[in-house]
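Comments concern the structure below.
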Amino acid sequence: MFAYIIKRLLYAVPIALAVTLVAFLLVHIAPGDALNAIAPADAPAETIAALKAAYGLDRPLPVQYGLWLGRALQGDLGASIASGRSVTSEVMAAVGNTLSLAGVAAVIGVLAGCVLGGIAGYRHGGWVDRIATFISVIGVSVPHYWLGLVLTIVFSITLGWLPAMGAGPEGGWFLDGAHLPYIVLPALTMAVVPMGILTRTVRAVVVDILAQDFVQALRAKGLGNRRIFRHVAKNAAPTVLAVAGLQLGYLMGGSILIETVFAWPGTGFLLNTAIFQRDLPLLQGTLLVLCLFFVLLNLLVDIAQPFIDPRMRRT
């Protein structure tokens, strides 16, 4: 088991380095000039050259990457071109808000998907299975931003039950009564896609397990449905865990539209702001943190799976 963990950790190192390279190069490949956020269009060439030298943009890309990576390894992601504030502090504040939103959405999506998928798997071919499959297809097909707008119109504008924008009175989200209503609509919107994917995954896994010989043998021995369900859940857990881990990473990195619709001050909203302002340090720092979080999450899932399924320890 220890060798398995060390192997996964070693695999994660080159992936993390590749992530830093991709995060650095993507923003340089995109069209536009990073200095447009602070320099006027008619700025003289001397001013542009001084700004490039101040931000290190006058150096070759390999040198820029090496300097940026060295500072990033020390926790320094530079300063925002647009605001002048520390990128690390801005990204960390946004990560906390996104983690809160993604965590609540993941709980809703995973629980709903496992329940619907489990029921559909046990009742496959019946009307319950058709309803659950229909819900999962709708969940995967409906655009996030459209659903967010619809929920805002219904529950915020028409009924006036829930706030439409922001994370709370203080700008950040906290687990208390004053901030809880702000997370309901964005969390429900984000939970729809994971719920649909997990519903289909759990249904397929449960149907496959129920058709296996060991389940028939358990029934032949006279085991009740509750004890058989424990065996089914134990065998389905590794697949469900892997899919749920990927969906949590998706919620962290794919929340840009939802956070923009609800003005949620998370990494998606910050990323959207950095793109429109062409703020290279902020864009690079946000992309790097999101990608590394995805790598870390997959690593944790890989390490956790052998504890659930001992058969994986031999691979």
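In a Gaussian network model over the chain where Cα atoms closer than 10 Å are linked, find which of Glu259, Glu90, Glu46 has the largest mean-square fluctuation. Among Glu259, Glu90, Glu46, the largest mean-square fluctuation in the Gaussian network model of the chain belongs to Glu46.
Projecting the Cα positions of Phe24, Ala244, Gln284 onto the charge dipole of the chain (unit charges on Cβ atoms of Lys, Arg, Asp and Glu, taken about the Cα centre) puts Ala244 furthest along the positive direction. Maximal additional length on extending the Val128-Leu69 stretch stands at 16.0 nm, based on 0.36 nm per residue less the C-alpha distance. For the residues Tyr145, Tyr122, Tyr11, a GNM of the chain with alpha-carbon springs under 10 Å puts the largest fluctuation on Tyr11.
Net charge in the neighbourhood of Arg219 (other residues with Cβ under 13 Å of its Cβ; Lys, Arg +1, Asp, Glu -1) is +2.
Spin-label model, Leu300/Asn272: points 7 Å from Cα along the beta carbon direction are separated by 2.6 nm. Once the Cβ-Cβ distance of Trp161 and Ala263 is raised to the sixth power relative to R0 = 25 Å, the FRET efficiency obtained is 0.90. Along region 278-295 the Karplus relation, 6.51 cos²θ - 1.76 cosθ + 1.60 evaluated at θ = phi - 60°, assigns HN-Hα couplings of 6, 8, 4, x, 5, 5, 5, x, 5, 4, 4, 5, 5, 5, 5, 5, 5, 5 Hz to successive residues, with x for each Gly and Pro.
In region 74-208, Rg over Rh equals 1.10, where Rg is the alpha-carbon radius of gyration and Rh the Kirkwood radius from pairwise Cα distances.
Exposure check, 1.4 Å probe, all protein chains in place: His124 carries approximately 100 Å² of accessible surface. Computed over region 128-223, the percent of Cα pairs more than 23 Å apart is 49. Close amide-amide hydrogen proximity is noted between Ala79 and Val87, each under 5 Å apart and 5 or more residues distant or on a separate chain (H modeled in the peptide plane; Pro and chain starts excluded). Over the chain, Cα pairs under 8 Å with separation of 6+ residues give a relative contact order of 28 percent. Built from the Cα atoms of the chain, the convex hull projects on average onto 21.1 nm², one quarter of its surface area.
One chain, two ends: Lys52 and Ile138. Fully extended at 0.36 nm per residue, the span grows by 26.1 nm beyond their Cα-Cα distance. Seen against the Cα atoms of the chain and their longest principal axis, helix 267-277 is set at about 30 degrees. For the pair Asp208 and Ala178 in one chain, pulling the backbone fully straight at 0.36 nm per residue adds 6.3 nm over the alpha carbon distance. If R0 equals 41 Å, the separation of the Cβ atoms of Lys234 and Ile15 corresponds to a calculated FRET efficiency of about 0.85. Dividing the Cα radius of gyration of region 141-289 by its Kirkwood radius returns 1.14 for Rg/Rh. Per-residue ellipticity at 222 nm from helix content only, as computed over the chain with -39500 (n - 2.57) for each DSSP H run of at least four residues, stands at -24500 deg cm²/dmol.
The values are calculated or read from the model by the stated rules, or taken from the named source; none is laboratory data. These numbers come from a predicted model, not from an experiment. We place every Cβ from the backbone using ideal geometry, glycine too, and count neighbours over all the protein chains shown. For accessibility, only protein heavy atoms count, side chains too; no ligands or nucleic acids. Shrake-Rupley method; radii C 1.70, N 1.55, O 1.52, S 1.80 Å.
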